[in-house]
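Let me begin by presenting the structure, written as structure tokens, before commenting on it.
The values are calculated or read from the model by the stated rules, or taken from the named source; none is laboratory data. The shown structure was predicted, so the numbers you read here are calculated from the model rather than taken from an experiment. Neighbour counts run over all protein chains shown; Cβ positions are idealised from the backbone, glycine included.
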Amino acid sequence: MTRISDLLQAGRTFSFEFFPPKNDEAQVALTRAIVELEPLAPSFVSVTYGAGGSTRERTRDLVVQMRRETKIPPMAHLTCVGHTRAEIQDIIGAYVEAGVENVLALAGDLPADGTDIPPSDYVYATDLVEHLRSITDMCIGVAAHPEGHPRSPDRATDRRHMAAKLQMADFATTQFFFEVEHYVRLVNELADLGCTKPVIPGIMPVTNLSQVQRMAAMSGTEFPSWLHDELASMKTPEDVRRAGVDAATRLCAELLEANAPGLHFYTMNRSTATREIYAELGLPVT
Ligand code: FAD
């Protein structure tokens, strides 16, 4: 079984996100992480895509490699900003040929520095989902933003677009967040709009305070002051890392208690934090 929609129907999924390595050193780190994470027998892994196609070949190569060389089903991220419909069709054709069955359909972001990107046949992720549905029967996931997307005027507007997008897709995976209430509110508000498809929470263990603060600011995620204070009071980077893993473990336990259909770990191409959380939660390792 390699379609994520089937896996979700059969039970909870535990999955990992990787990004394509930029150089040989990064490749070595990623290979090590994959080897160390394989015994955790993830339900699936996902590979990010550089908006505008900056990692087009590297994403495809890693996804196809996971499909051919491991038993773990891969999901390819695909952003549509800066792509034509013909390009998307080519990219999807290569995945179908390689037997890849899952795609995460995303808008992507325009470059913050104003760099020109190629013309685009799409504006929103829903445009991409619509096109993908017409050319492939791959399982399609979409992104969800528990605290609302930073470009949305308000949460209610964001939720309406989110519900319409998720209705066309098979499931959603969320942006990372640090308090269970954000996830529960997202799921309840989507249900109020008639959308009850699975929403898998994304988990980002804090291993480096300033790095996560930067990422949270960019994605519109609140970095709670209690977590900041707890981590800032640590004496060494290793203490920060351990406290970050503890906080992520507590969040995972609360999400499982709240009936989340799975957990998706942002691994940052490292294995330690995810392995520690698995051990703390008592999840099986082969
Ligand atoms: P959309 O669903 O298009 O939403 C973007 C904004 O448009 C929102 O404010 C939404 O409310 C609004 N909107 C949607 N539809 C409409 C409409 N019809 N009319 C008016 N407004 C509308 N980025 C990458 O570059 N590569 C990746 O691999 C990647 N992976 C990600 C994985 C996850 C799980 C998540 C949560 C994000 C990921 N991102 C990635 C980031 C993502 O591309 C950005 O958050 C982007 O700004 C929004 O993408 P989206 O697919 O949610 O967009």
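Per-structure values
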| item | result |
| --- | --- |
| Helices (runs of 4 or more DSSP H) contained in the stretch 6-100 and holding at least 1 residues closer than 23 Å to Ala273 by Cβ and without any contact (Cβ under 8 Å) to a residue 60 or more places away in the chain | 24-37, 56-69 |
| Residue that is nearest to Asp6 (Cα to Cα), among those in the stretch 73-84 that are buried (at least 19 other Cβ atoms within 10 Å of the Cβ) and away from the ligand (no atom under 11 Å from the Cβ) | Pro73 |
| Any hit, the stretch 242-254, residues being free of Cβ contacts under 8 Å to residues at least 60 places away in the same chain, surrounded by fewer than 17 Cβ atoms within 10 Å (Cβ to Cβ) and under 18 Å from Leu40 (Cα atoms) | yes |
| Among (1) under 26 Å from Asp113 (Cβ atoms); (2) crowded, with 16+ Cβ neighbours inside 10 Å - the single one Leu30 does not satisfy | (1) |
| All positions within the stretch 125-158 that are more than 27 Å from Asp6 (Cβ to Cβ) and not hydrophobic (A, V, I, L, M, F, W, C) | Glu147, Gly148, His149, Pro150, Arg151, Ser152, Pro153, Asp154, Arg155, Thr157, Asp158 |
| Unmet requirement for Pro21, which otherwise passes all of (1) away from the ligand (no atom under 14 Å from the Cβ); (2) at pLDDT below 95 | (2) |
| Pairs with Cβ under 6 Å, 6+ apart, first in the stretch 148-166 and in contact (Cβ under 8 Å) with a residue 12 or more places away in the chain and within 14 Å of Thr221 (Cα to Cα), second surrounded by 14 or more Cβ atoms within 10 Å (Cβ to Cβ) and among the charged types (D, E, K, R) | Gly148/Arg155; Gly148/Asp158; His149/Asp158 |
| Close pairs (7 angstrom Cβ cut-off, 6 or more residues apart or separate chains): in contact (Cβ under 8 Å) with a residue 12 or more places away in the chain and within 22 Å of Gly11 (Cβ to Cβ) in the stretch 185-201, small (Gly, Ala, Ser) and assigned to a helix (DSSP H, G or I) anywhere | Leu190/Ala163; Cys195/Ala163 |
| Looking only at the stretch 36-72, and only at residues there that are near the ligand (Cβ under 9 Å from one of its atoms) and closer than 21 Å to Gly262 by Cα, the one that is surrounded by the most Cβ atoms within 10 Å (Cβ to Cβ) | Ser46 |
| Residue in the stretch 101-110 that is over 21 Å from Pro198 (Cα atoms), more than 8 Å from the ligand (Cβ to nearest atom) and not aromatic (Phe, Trp, Tyr) present | yes |
